[in-house]
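Structure record follows, encoded as structure tokens.
The values are calculated or read from the model by the stated rules, or taken from the named source; none is laboratory data. Computed from a predicted structure; not experimentally measured. Note: ideal-geometry Cβ built from the backbone for every residue, glycine included; neighbour counts use all protein chains shown.
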């Protein structure tokens, strides 16, 4: 189906930026807080990276209810709760 996936450590901004290819990357999918380590990612930073490269930004925050974390307010295009 032509789908390529890169798994990236979102604690490393350079690694994230290196994986995003303008015009090729269609979606950045992020889980925050992560399971099981509960790491938090700077969603605004990732949203800017996605916007600058013309791709969608989706956040899975299943571990945190929308009452405590609202990805759309931090620039996400899609929030999966």
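At-a-glance table
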read-out	value
Close pairs (9 angstrom Cβ cut-off, 6 or more residues apart or separate chains): touching a residue at least 40 places away in the same chain (Cβ under 8 Å) and at positive phi in region 38-67, surrounded by 13 or more Cβ atoms within 10 Å (Cβ to Cβ) and assigned to a loop (DSSP other than H, G, I, E, B) anywhere	none
Filtered residue count, region 14-44, keeping only those that are in contact with a helix residue (DSSP H, G or I) (Cβ under 7 Å, 6 or more places away or on another chain) and either surrounded by 13 or more Cβ atoms within 10 Å (Cβ to Cβ) or part of a loop (DSSP other than H, G, I, E, B) (or both)	7
Scan of region 45-64 for residues that are outside any helix (DSSP H, G or I), in contact with a helix residue (DSSP H, G or I) (Cβ under 7 Å, 6 or more places away or on another chain) and at pLDDT 95 or above, ordered by number	56, 57, 59
